[in-house]
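Derivation of every value follows stated rules applied to the coordinates shown; laboratory data play no part. Small disclaimer: the values here were computed from a predicted structure and weren't measured. With ideal geometry, Cβ positions are generated from the backbone for all residues, glycine too; neighbour counts draw on all protein chains shown.
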Amino acid sequence: MEKSLNELEGSATGESSLGLIPAEVTSRPTWGSKVQYILAQVGFSVGLGNVWRFPYLCHQNGGGSFLLLYFLLLLIIGIPLFFLELAAGQSIRQGSIGVWKHISPRLAGIGFASCVVCSFVALYYNVIIGWSLFYMFNSFYYPLPWENCPTLPNQTVEVPECAKSSPTTYFWYRSALNITNSIEGSEMNWPMTGFLILAWFLVCGGMIKGIKSSGKVMYFSSLFPYVVLFCFLIRGFLLDGAADGIRIMFTPKLEIWKDVQVWRQAATQVFFALGLGFGSVIAYSSYNDRYNNCHFDAILVSFINFMTSILATLVVFAVLGFRANRIAEICVKENVWKVSNLSLNTSGPGLLFPSENITVADYSKWYEEVNHQFPLENLGISHCRVEDEMKKGVEGTGLAFIVFTEAMTLLPASPFWSVLFFLMLLNLGLSTMFGNMQGIITPLLDNFPKLLKRKTLFTVLCCVCGLLIGLIFVQRSGSYFVSMFDDYSATLPLIIVVIFENIAVAWVYGADRFMEDIQGMLGYRPWILYKYMWKYVSLLAMMGLLLASLIRMCITQPTYQSWNQEKGREEVSFLYSSLPYPKWALGLLISLIVVASLPIPVVFLKETLQSWLKRRRTKMYGQCEYRQGNIVDEITGPVDETIINSGHVGNGYLPVEMEDMAERGQLLNTAEDEAEEDTNNKEGSLKSVGKVCLGNCEGERCLGNCEGTGKGAWGIVRVRGKVPGELILCLQVPGELILSLHPGHSPNPDSRSH
């Protein structure tokens with residue numbers, strides 16, 4: 001199924017009869033093996049969110065019910081759109097910019113928007129890697145530095161901030177972040193700045209040679225987290241209270257399906273878990289062999305991602321169940337001591353404790369029986385239940401750096417488990433960062449070929465720029481900016497990007513044509529269900545998600561969690577459970593959304609305007625008279641689209657001769673032109689019909705425009721045989737060929753020769 005040039009509106013990439021699939025004329029790096037590629041895709045999609053975001057959502061939204069809802073949306077949204085990105089990248093073999101530019105230049109803004117979002121995410125994501133490095137190095141101390149509260153200098157009294165909170169909370173907010181009380185400007189956190197530099201050094205080292213270096217790193221960075229998760233799972237199952245945590249995890253609460261916000265959270269998690277819209281999936285698949293089975297890859301990676309989320313959730317709930325039991329046991333002992341010191345003027349067997357070593361379950365029964373007769377809460381006696389402790393869910397960084405670290409202090413050989421845990425976070429972060437960087441570097445290299453000559457330098461420059469801009473995240477108030485970027489810089493722009501990706505393939509290019517392209521790669525036609533998923537179900541689901549996110553953002557004022565040093569707890573305001581952003585911060589987060597989404601309409605309007613101007617300029621050529629002469633075969637013999645010899649360049653239709661000096665980019669003067677033309681006329685073999693620009697078009701055999709591009713060279717077009725009356729070449733501007741007769745085609749003044 002062949003796509004005309006008018007449909008692509010000037011796409012500069014050659015193409016085969018399969019529509020999307022371009023004619024491959026330049027070599028492109030490929031993965032060392034299929035395993036390496038799968039590990040890279042898994043490493044990018046399985047990130048820190050699988051460890052701390054998914055377990056939190058599962059816990060807060062009904063446990064087993066949320067798992068079922070997530071799996072349903074994975075089938076409706078996740079797999080079809082993931083397959084779409086894999087197939088597009090593998091067929092066109094370009095980064096995110098080149099893929100959508102190939103379909104239509106007006107859609108190139110989708111790729112640029114993906115690059116902007118990847119840049120925003122990479123900036124703060126590497127800060128989290130720096131935090132993991134800080135904790136990992138501190139894990140080599142025994143006891144762990146967050147196990148006990150520090151004391152005041154030359155005193156035995158604990159630091160008040162730590163005494164009012166907890167050792168792990170104090171270490172996170174004061175020792176690691178040295179956080180301020182608000183998002184307002186502050187000085188630098190120099191120790192964390194050093195770890196940020198180290199994090200960027202690791203990323204740059206893994207990316208320095210492209211996929212050849214990052215692919216090999218994936219063998220460790222993608223597999224090691226699974227080793228650690230299985231170790232934690234086995235150890236967690238052996239802990240007291242782990243069964244309580246697992247039971248709570250799988251207890252279904254189907255009533256949560258009535259809540260629209262739960263659907264929004266589940267869809268957003270599917271969206272981010274697979275890395276849709278970042279361009280990294282497209283970039284990775286573009287290095288595949290064209291006939292790789294990307295359909296199998298889409299299902300395999302999605303399934304691995306889902307099972308990894310369940311595995312991480314099992315580990316988290318087992319460890320949190322153990323932690324909740326230990327806290328409940330301490331609570332029981334404290335309350336038993338309180339009751340023993342109370343003088344209760346009531347009688348009854350229910351008030352007597354069996355013993356001081358009462359279990360948590362027995363204490364819970366006793367409390368429920370007595371509380372009906374006497375209000376124990378008024379006496380400061382609490383109900384120590386494991387379920388209540390488990391409900392105190394903490395998401396994101398709080399789960400990893402506060403709750404989980406506290407649980408590890410209760411384990412034997414706690415430094416060993418702490419090193420394993422933060423080394424796992426480091427590898428999860430690095431594998432995702434490699435994908436983010438590929439989503440930035442690959443499309444830019446494909447779209448700006450001059451950068452290929454300085455690929456290593458460009459990679460280093462990207463890392464240095466990321467480090468310099470990322471310094472805002474290692475201020476004392478930097479964690480507030482991390483939260484802002486995490487909440488607002490990616491969510492809405494990525495949803496918009498994926499919606500336009502879906503429209504581009506299913507409606508602009510055509511779902512049926514895309515299915516035929518995939519059939520040409522795979523050797524079989526994918527399930528017809530994908531066609532309707534892309535055209536209707538997934539698209540409508542994404543639009544619903546966008547609408548729900550916009551409504552939530554409009555009706556809920558953006559807020560952030562701030563830490564109050566004097567009170568030793570997170571600050572709250574009169575109206576909100578957290579502090580509202582100041583006006584300048586609101587302006588910043590709105591600008592993040594706008595800047596990330598802006599390339600889509602800007603590029604569309606730019607290309608539309610350029611197309612309109614070109615149509616205006618070409619109207620003058622309506623005066624040209626086009627006469628049917630001998631077809632090209634009669635003039636030149638059979639058309640050969642290959643390069644005739646080292647001194648000739650094929651234009652796809654006619655043999656074109658170009659002088660060596662022109663091939664080197666030197667312009668032939670008039671005298672040389674005339675002399676050359678006279679010589680050839682005498683020989684009777686070649687006839688000059690005009691001077692055009694022969695550009696190499698990034699390795700493609702085509703005619704291009706030399707003016708202002710720095711590419712290509714001026715040359716003289718000559719054809720064999722009698723020219724007058726048999727072939728008409730019309731030049732729009734010097735260097736641009738407007739018309740060339742092709743066997744079986746009628747003259748078309750709007751077409752361009754490629």
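Full-extension gain between Val260 and Glu158, please, as 0.36 nm times their residue separation minus the C-alpha to C-alpha distance.
The Val260-Glu158 span can extend by a further 32.1 nm.
Quick one: what are the phi-derived ³J(HN,Hα) couplings along segment 198-209, Karplus 6.51/-1.76/1.60 with θ = phi - 60°, whole Hz, x for glycine and proline?
Per-residue couplings from phi come out as 4, 4, 5, 5, 5, 5, 4, x, x, 9, 4, 10 Hz.
Let a ≥ b ≥ c be the square roots of the eigenvalues of the Cα gyration tensor of segment 153-221; is it rounded (a/c under 1.5), or, if not, prolate (a/b larger than b/c) or oblate?
Prolate.
For Val464 and Trp527, FRET efficiency with R0 = 45 Å and r from the beta-carbon atoms, rounded to 0.05?
Between Trp527 and Val464 the formula returns 0.45.
Where the centroid of each part is defined by its Cα atoms, how far is segment 473-494 from segment 255-303 in Å?
23
Most exposed first by the Cβ proxy, i.e. fewest other Cβ within 10 Å, how do Asp289, Asp517 rank?
Asp289, Asp517
I want the local charge near Leu444. Using Cβ-Cβ distances under 13 Å, sum +1 for each Lys or Arg and -1 for each Asp or Glu among the other residues.
Surrounding charge for Leu444 is +3.
Go through Lys365/Lys567; Lys450/Lys535; Lys450/Lys606; Lys101/Lys535 and tell me which ones have a Cα-Cα distance over 32 Å in this structure.
Correct reply: Lys365/Lys567; Lys450/Lys535.
Would you mind ranking Arg290, Arg454 by Cβ crowding within 10 Å, fewest neighbours first?
Arg454, Arg290
Could you size up the charge dipole of segment 371-482 around its Cα centre, putting +1 on the beta carbon of Lys and Arg and -1 on that of Asp and Glu, and report it in debye to the nearest 20?
820
Arrange Ile38, Ile590 by Cβ neighbour counts within 10 Å, fewest through most, would you?
With the sparsest Cβ surroundings first, the list reads Ile590, Ile38.
Show the residues, 5+ positions off or on another chain, whose built amide H is closer than 5 Å to the amide H of Leu276.
Amide H neighbours of Leu276: none.
Could you list which residues have their amide H under 5 Å from that of Glu570, counting only those 5 or more apart in sequence or on another chain, with H placed in the peptide plane?
Answer set, sorted by chain and number: Asn564.
At 7 Å along Cα-to-Cβ for each site, give me the label-to-label distance between Val508 and Gln557 in nm.
4.0
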